[in-house]
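Reviewing the structure listed below.
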Amino acid sequence: MRKILIIGIGAGDPDYLTVQAIKALNQADVFFMPDKGAEKTELRQLRLEILERFVEGSGYRVVDFEVPRRRSNNGYLAGVDEWHGQLATRYERLFAENLSDQECGAFLVWGDPALYDSTLRIIERVRSTGFAVDCEVIPGISAVQALAARHRVALNGIGEPVLITTGRRLAEGTLLDSGSVVVMLDGEQAFTRVETPEVEIYWGAYLGTDDEILISGRLSEVKEEIARVRSRAREDKGWIMDTYLLQGAKK
Ligand SMILES: C[S@@+](CC[C@H](N)C(=O)[O-])C[C@H]1O[C@@H](n2cnc3c(N)ncnc32)[C@H](O)[C@@H]1O
């Protein structure tokens, strides 16, 4: 049966690759590479560097595919569902056209495949149509772990939970009775709207890469600096990936 490996490659630094991920890379016949707009050149380049560095020999194939844009005419969840449906159809065709029956394909998933990534859901959707394909997941170091390590901070307060959410949800008021909140996918700088005075922020952009930026401190004192640095970096590079931890609202 065809097999798909969903390999977490870590969130930036190729040194984040685990031994298990390297072994998985060496099993794949075909690597499927998404084409995703502005950040595509750099992220594609990083994936190719990973292949050059960690795969022995050059007997593999690389297949690029375009990721359709998500529309949200009927609301967020309906938009995501429709988008997953389109991608599932595209994946099924990719597998049928590029993998023979006993071959193994792989997706190099940024960070960890279990966190804010749709590859797992889309492959399950392909399988649910009856298309015969096996699947294995290799975990990776997520941006959340990279952020905590670079700031040398524990994510949770002692005995406290951690909430991982998006900027969109934080903006809707999902805040701070958890003690610690990690925010990803924040295109609107939702932290600038947090008014709780004692909150600390640990912010990181382009973690694990040569362009990494780290800022931390009392939110009320550093939020303008983060907003300024963030928008300058975004302008200079044309895209940004940033994540932050908010902590200390609950004593
Ligand atoms: C689609 S999610 C993918 C998350 C990924 N699966 C992971 O485990 O980190 C993309 C978001 O992850 C965060 N992110 C991923 N890589 C990052 C990095 N190197 N530096 C900062 N944030 C990053 C950002 O919040 C970005 O908007």
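Key figures
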quantity: Pair list, Cβ under 6 Å, 6 or more apart: region 127-141 residue within 16 Å of the ligand (Cβ to nearest atom), other residue in a strand (DSSP E or B) and aliphatic (A, V, I, L, M); calculated: VAL137/ILE6; ILE138/ILE7
quantity: Residues located in region 95-115, provided they are more than 16 Å from the ligand (Cβ to nearest atom) and open to solvent by 50 Å² or more (accessible area, probe 1.4 Å); calculated: ALA96, GLU97, SER100, ASP101, GLN102
quantity: Hits in region 113-133 - residues which are in a loop (DSSP other than H, G, I, E, B), at pLDDT below 95 and of a type in the set (A, V, I, L, M); calculated: ALA132
quantity: Tally of residues being open to solvent by less than 20 Å² (accessible area, probe 1.4 Å), more than 13 Å from the ligand (Cβ to nearest atom) and not in a helix (DSSP H, G or I) across region 200-248; calculated: 4
quantity: Residue among LEU147, LEU163 that is aliphatic (A, V, I, L, M), under 25 Å from TYR206 (Cα atoms) and more than 14 Å from the ligand (Cβ to nearest atom); calculated: LEU163
quantity: Some residue of region 156-172 being buried (at least 17 other Cβ atoms within 10 Å of the Cβ) and assigned to a loop (DSSP other than H, G, I, E, B); calculated: no
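The values are calculated or read from the model by the stated rules, or taken from the named source; none is laboratory data. If you're wondering where the values come from, they're calculated on a predicted model, not measured in any experiment. Note that we place each Cβ from the backbone using ideal geometry, even for glycine, and neighbour counts take in every protein chain shown. Ligands, DNA and RNA are stripped out before the accessible areas are found, and what is left, the full protein with its side chains, is counted by its heavy atoms. Shrake-Rupley method; radii C 1.70, N 1.55, O 1.52, S 1.80 Å.
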